[in-house]
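The values are calculated or read from the model by the stated rules, or taken from the named source; none is laboratory data. Every value quoted in this text rests on a predicted model; they were computed, and no experiment measured them. So basically every Cβ, Gly included, is an ideal-geometry build from the backbone, and we count neighbours across all protein chains shown.
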């Protein structure tokens, strides 16, 4: 069995997943600090531009911040990383476009240690964008961390993100990506919930709409 370091692993792709408030960003920042401070390793911090929270910073709930490079298309990472091989840290990977799947592999093949953090599921409880592909490509066991369910008196792990629109569970027919507080007409909030308390109105209608009723070709 391969043993991986907790500071730097060249030519390796790693994935950290969990719900909001679980400490994903803190884990990423801690990894970067270890590499820079104790390993003297170049660290490149990235975040999708669509995440407008806290500007260009990657920040944790306990006040730790680190400036990052914002990007529109994941292919930009290939231009932004330095020629010196190092640690590539990508926060909020669930907001990345499809190119993140290929860029991550290219960087890994070139000797970089790529570590991505993100939500594995969207507010409906469905796989979030290209996170499943990234998780499938991980060279190390997926690191999964959870916060506690936000419902008062519940002590279960908050395994799913709950979207609230004007303090009520949002419909499954809404847009997949809405940044917290970014909707001009309604109040949008997110909180972690366990499966028992996770509510998604219209989920069956959404799933029905996603069905491909044409003939399925077996492979």
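Looking at 8, 46 in this structure, which one is free of Cβ contacts under 8 Å to residues at least 60 places away in the same chain, surrounded by 14 or more Cβ atoms within 10 Å (Cβ to Cβ) and touching a helix residue (DSSP H, G or I) at 6+ places or on another chain (Cβ under 9 Å)?
Answer to the selection: 46.
From 33, 84, 72, which residue is within 22 Å of residue 179 (Cβ to Cβ) and over 15 Å from the mean Cα position of the chain (by Cα)? Spell out how you get there, then give the answer.
Values: 33 fails: within 22 Å of residue 179 (Cβ to Cβ); 84 fails: within 22 Å of residue 179 (Cβ to Cβ).
Unique residue meeting the criteria: 72.
Could you list all residues from segment 76-93 that are over 24 Å from residue 34 (Cβ atoms) and surrounded by 15 or more Cβ atoms within 10 Å (Cβ to Cβ)? Full working, then the answer.
First, the residues of segment 76-93 that are over 24 Å from residue 34 (Cβ atoms): 76, 78-79.
Hit for segment 76-93 is 76, nothing else.
Listed residues 180, 215, 205, 185; which is at pLDDT 95 or above and not assigned by TED's automatic domain parsing to the domain that holds residue 16?
Selected residue: 205, the only one of 180, 215, 205, 185 that is at pLDDT 95 or above and not assigned by TED's automatic domain parsing to the domain that holds residue 16.
Looking at this structure, is residue 148 within 25 Å of residue 74 (Cβ to Cβ) and touching a residue at least 12 places away in the same chain (Cβ under 8 Å)?
no
When you go through 97, 139, 79, 167 one by one, which is the residue that is at positive phi and at pLDDT 95 or above?
Selected residue: 167, the only one of 97, 139, 79, 167 that is at positive phi and at pLDDT 95 or above.
Look at residue 115 and say whether it is surrounded by 17 or more Cβ atoms within 10 Å (Cβ to Cβ), within 21 Å of residue 43 (Cβ to Cβ) and over 13 Å from the mean Cα position of the chain (by Cα). It would help to see each step written out before you state the result.
Details: surrounded by 17 or more Cβ atoms within 10 Å (Cβ to Cβ): yes; within 21 Å of residue 43 (Cβ to Cβ): yes; over 13 Å from the mean Cα position of the chain (by Cα): no.
So residue 115 fails the test.
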